[in-house]
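Taking it in order: structure first as structure tokens, then the write-up.
The values are calculated or read from the model by the stated rules, or taken from the named source; none is laboratory data. Predicted model only: the values in this text are computed from it and were never measured. Don't worry about glycine lacking a Cβ; one is built from the backbone with ideal geometry, like all the others, and counts go over all protein chains shown. Note: areas computed on protein heavy atoms with side chains; ligands, DNA, RNA excluded. Shrake-Rupley method; radii C 1.70, N 1.55, O 1.52, S 1.80 Å.
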Amino acid sequence: MPGRTLYLCVFAALSLLPARAYPQQITASESGITATADGVTLQVTALREDILRVRMWQGNAVPEDASWAVLPEARTSSVPVTPQAPGFTTKSLKVSVGDHLQLTVADLQGNILQKDTAPVLWQGARFTVSKQRSFSDHFFGLGDKPGPLDRAGQAFTMWNTDAFGWQESTDPIYKSIPFFLNINHGRTLGVFLDNTWRTNFDFGRADENRYTFGSLNGPIDYYLIYGPEPKQVVTSWAWLTGPSPLPPLWALGFQQSRYSYFPETQLREIATRMRKDRIPADVLWLDIDYQHDNWPFTVNEKAFPNFAGMVKDLAKQQYKLVVITDLHIADQPNVGYAPYDSGIAGDHFVKNPDGSLYVGKVWPGPSVFPDFTQALTRQWWGGLYKTFIQEGVAGFWNDMNEPAVFETPGKTMPDDVQHRIDEPGFRKRTASHLEIHDIFGMQNSRGTSEGELTLRPNERPFVMTRASYAGGQRYSTTWTGDNSSTWNHLRMTVPQLVNLGLSGFSLAGADVGGFAGSPPPDLLTKWIEISAFQPIDRDHSAKGTRMHEVWVDGPQQEAIRRRFIEERYRLMPYLYTVAEETSRDGLPIDRPLFLEFPHATEDGTPYDLTTGGGEFLFGSRILVAPNPSPEEVAPYPVRLPSGTWYDYWTGKQYALANLNGTLDLEQRDKVLAQKPLMITPKLDQLPVYVRGGSILPIAPLTQSTAELPQGPLTLRVFPPAAGLNIVEPCAGEVYTDDGHTFGYRNGDFARIHFSCSTATDGSLHLEISKQEGRWKPWWHAYRVEAVGWTPKRSRASVDGKIVPLVQVNGRWGVTAPAKSDAMQIALE
């Protein structure tokens with residue numbers, strides 16, 4: 001049969017040719033395109049000029065359009081696009097679809113931001129998306145994954161896991177935040193895979209020429225967020241999933257915890273000793289031992305015989321109390337345990353496939369678990385806090401919510417446990433635990449936060465969660481889980497917190513001193529020093545370890561530790577101002593250097609990767625430079641970005657020029673090139689620098705944020721240096737309110753902007769703007785201090801009136817009565 005033989009030969013020859021399967025159809029819409037090929041549909045929608053949503057599915061069944069992470073108003077937004085076959089353009093991006101629905105996204109100058117390197121690989125329900133990667137690609141985010149700041153060359157799994165004593169190579173751990181920033185030659189693209197199943201990310205570990213992301217099931221539904229600056233991507237991420245809300249002021253104070261303070265007398269002793277030793281502090285914590293047999297929402301009345309009275313007494317000492325409330329409810333029927341009885345009555349617990357209650361062993365023994373994917377269950381859960389709130393407990397700690405289950409192979413619920421989704425915006429249905437696992441902790445903290453808001457409608461809630469998902473920052477703060485008392489874990493804290501901040505969790509911390517193990521004295525001291533410049537500052541330790549309190553290693557160590565905690569309280573106006581900023585724009589409190597200095601290197605490499613250390617920014621104005629090898633004693637380098645910098649402690653000025661620009665020889669003699677400072681480590685020192693052009697608001701020292709500061713608000717001015725080829729505006733601001741209610745939403749706040757300039761005659765001029773908001777701040781006067789500045793005429797004026805120019809602690813300045821109108825201050 002020669003004809004058949006010829007056909008087979010032709011078919012064989014064609015099969016060796018490159019595949020060519022053009023989209024069968026591209027349909028344009030007002031805000032994007034829909035393309036189909038090979039039984040697969042691709043939909044690309046422009047939510048904004050700089051944000052795209054990409055969805056793909058097989059067959060005719062369109063996946064449910066719902067999200068636990070993305071705000072409804074963001075997910076359903078759109079902008080008009082300009083069709084440009086085979087794709088479209090926005091005012092920022094160009095989208096094109098190639099063979100087999102392969103997607104390319106570029107900026108309008110033609111720079112490729114993301115390009116598929118292969119068609120999506122489907123293996124049943126499992127999928128893998130492959131993107132082009134080069135050695136100039138750098139990746140940040142994914143929450144608090146251990147390891148280096150840059151994720152390049154690494155691979156990760158998103159599956160919330162109880163990872164006690166995790167190490168640098170441990171993956172996964174507690175949180176699943178499938179969002180990352182890709183920076184290439186200074187251009188930043190954010191990528192968010194909105195898929196709650198077990199997902200995976202490979203940033204060039206398996207194949208150095210591509211990075212991939214995928215899941216074993218669920219939708220291909222991802223968002224592309226373009227900068228080009230990284231700061232723009234972070235603020236757009238907050239637009240998409242929400243920023244961290246403004247916390248109560250006390251949450252920014254020093255916090256003391258242990259597993260466990262037990263009995264009641266020990267907690268009272270700790271509280272009294274803190275005040276006796278004048279260690280500023282705001283919060284005490286209670287771990288599970290305060291409960292009856294570890295049953296959530298109970299109190300061990302033998303060990304804590306006067307719980308309500310204790311809360312009141314602590315409040316008199318200006319402490320807030322935070323208590324743990326794990327999500328596992330003791331399986332205790334017919335004994336009058338109200339959380340179990342009311343949960344059964346309301347059908348609020350998750351079930352096995354046969355309809356029976358799922359029971360797993362946790363701290364109380366056999367336990368049942370709330371079905372947090374039901375809105376009514378979250379309402380019931382929130383109501384369980386009523387008694388604690390009536391007694392004055394200030395905040396709540398949701399631990400073990402991965403969910404952790406003892407004596408199971410995966411340390412969690414079986415894959416086939418059933419969850420009932422009954423939530424506005426979602427189709428009512430039953431889902432397996434494989435789909436819900438990674439959002440379980442997030443919905444737990446959501447129920448707690450919403451419960452606090454219901455029971456205390458005008459008080460800002462405080463919730464600390466261990467497990468979460470993208471968008472979980474709307475409901476809680478977090479921490480990095482059960483870390484260890486080692487120098488390496490101290491070293492890893494900075495990249496973990498920085499990546500958490502980039503991922504949305506601006507309000508985050510790590511257990512100071514390490515949870516597992518006993519830190520030697522110097523390690524605990526160094527940890528307390530660094531944590532003074534981190535968002536949540538909680539000292540916490542495990543049962544069976546030595547105590548971690550500030551005084552435990554004698555007067556010398558205590559004095560160093562106290563000094564850094566005191567500095568945190570002096571900087572509280574600055575820290576609270578930064579926290580208010582992040583509640584509006586999502587910019588994290590602890591941030592990488594590249595967020596503020598995206599063009600600090602000539603080739604666009606993120607500056608943090610060139611410093612060789614663990615430097616980070618505390619807000620936008622303060623740079624902290626801990627030793628990258630904190631256990632070592634050899635000098636280490638600190639690289640400051642171009643511009644003017646001041647040593648925070650001494651006021652010494654460093655004028656670092658960008659020598660890529662133009663400076664004449666005389667100017668070059670006055671400034672330094674970008675070369676590292678060599679720092680000799682000392683136990684009682686932490687290098688901290690302030691950006692030139694900053695005006696920092698600083699308060700008199702208090703023992704808690706509830707104590708009214710006595711004295712003026714200091715405005716410490718760090719003028720930019722003359723002669724640099726860098727524009728350095730001189731500015732700052734302060735924000736304040738009552739610190740705990742939502743009154744600021746109705747105008748009960750004070751925001752005041754400051755600016756300064758240096759005249760040709762060397763005089764320094766400060767302008768204080770008219771106050772925004774009607775709140776009356778605690779300060780009645782300003783103390784203006786100029787760092788690194790020397791008067792020539794030895795005089796000053798306030799609104800044109802001559803006043804004394806006084807030197808305090810080596811800094812020249814002036815004190816003037818504060819007023820809500822604008823003020824002009826001159827130092828000459």
Considering only 791, 228, 28, whose Cα is most displaced toward the positive end of the charge dipole of the chain, charges sitting on Cβ of Lys, Arg (+1) and Asp, Glu (-1)?
-> 791
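For n ≥ 4 DSSP H runs only, could you compute -39500 (n - 2.57) per run for the chain, divide by its residues and tell me the 222 nm figure to the nearest 500?
Working: 16 runs with 169 residues, N = 828.
Result for the chain: -6000 deg cm²/dmol, rounded to the nearest 500.
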With +1 on each Lys and Arg Cβ and -1 on each Asp and Glu Cβ, how big is the dipole of segment 514-584 about its Cα centre, in debye rounded to the nearest 20?
-> 100
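Please report, as a whole percent, how much of the solvent-accessible surface of segment 353-460 comes from carbon and sulfur atoms (probe radius 1.4 Å). Before the final figure, lay out the partial values.
Values: 2160 of 3980 Å².
Whole-percent figure for carbon plus sulfur exposure: 54.
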Fraction of antiparallel bridges per DSSP, the chain only, in percent to nearest 5 = 80
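With a 10 Å radius around each residue's Cβ, average the other Cβ atoms per peptide and rank 294-302, 795-803, 588-596, highest first.
Ranked by mean Cβ neighbours within 10 Å, highest first: 588-596, 294-302, 795-803.
Using DSSP to call loops (not H, G, I, E or B), can you name the trypsin sites (Lys or Arg not before Pro) in segment 499-573 whose Cβ has at most 13 other Cβ atoms within 10 angstrom? Display every interim value, and only then the final one.
On the way: sites: 526, 538, 543, 546, 561, 562, 563, 568, 570; in loops: 543, 546.
Loop-located and lightly packed - 543.
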Can you grab the distance from the C-alpha centre of segment 216-281 to the C-alpha centre of segment 715-753, Å, no decimals?
-> 22
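Run the dipole for the chain about the Cα centre, Lys and Arg Cβ at +1, Asp and Glu Cβ at -1, nothing else charged, and hand back the magnitude in debye, nearest 20. All intermediate terms of the calculation are to be shown ahead of the outcome.
On the way: 77 positive and 90 negative charges, 245 e Å.
So the magnitude is around 1180 debye.
Could you grab the relative contact order for segment 278-419? Cα pairs under 8 Å, six or more apart, rounded to a whole percent. Walk me through the numbers before you get to the answer.
Working: 204 pairs, mean separation 37.9, N = 142.
Value for segment 278-419: 27 percent.
Can you give the charge dipole size of segment 353-453 about its Cα centre, rounded to the nearest 20 debye, using +1 on the beta carbon of Lys and Arg and -1 on the beta carbon of Asp and Glu?
Numbers: 9 positive and 14 negative charges, 45 e Å.
So the magnitude is around 220 debye.
Taking all protein chains in place and a 1.4 Å probe, what share, in percent, of the accessible surface of segment 687-825 do carbon and sulfur account for?
Working: 3250 of 6240 Å².
Heavy-atom surface of segment 687-825 belonging to carbon and sulfur, 1.4 Å probe: 52 percent.
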Using a 1.4 angstrom probe, figure out how much accessible area the chain has per residue, in square angstrom, rounded to the nearest whole.
-> 37
Can you pull the Rg over Rh of segment 534-625, Cα-only, Kirkwood?
-> 1.08
Per-peptide average of other Cβ atoms within 10 Å, ordering 401-409, 495-503, 818-826 highest first = 495-503, 401-409, 818-826
Using the charge dipole of the chain (Lys, Arg: +1 at Cβ; Asp, Glu: -1 at Cβ; taken about the Cα centre), state which of 44, 624, 327 has its Cα farthest towards the positive end.
-> 624
For segment 797-828 and segment 69-89, distance of Cα centres in Å = 52
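Of the listed peptides 254-261, 757-764, what is their order by residue-averaged count of other C-beta atoms within 10 Å, with the highest listed first? Each step should come with its number before you reach the end.
Values: 254-261: 23.2, 757-764: 13.6.
Ranked by mean Cβ neighbours within 10 Å, highest first: 254-261, 757-764.
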Segment 682-798 - convex hull of alpha carbons, volume per residue in Å³ | 169
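Please report the carbon-and-sulfur percent of the accessible area for segment 299-340; probe 1.4 Å, protein heavy atoms only, DNA, RNA and ligands left out.
47
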For segment 524-569, with +1 on Lys and Arg beta carbons and -1 on Asp and Glu, the positive-most of 533, 547, 565 along the dipole = 547
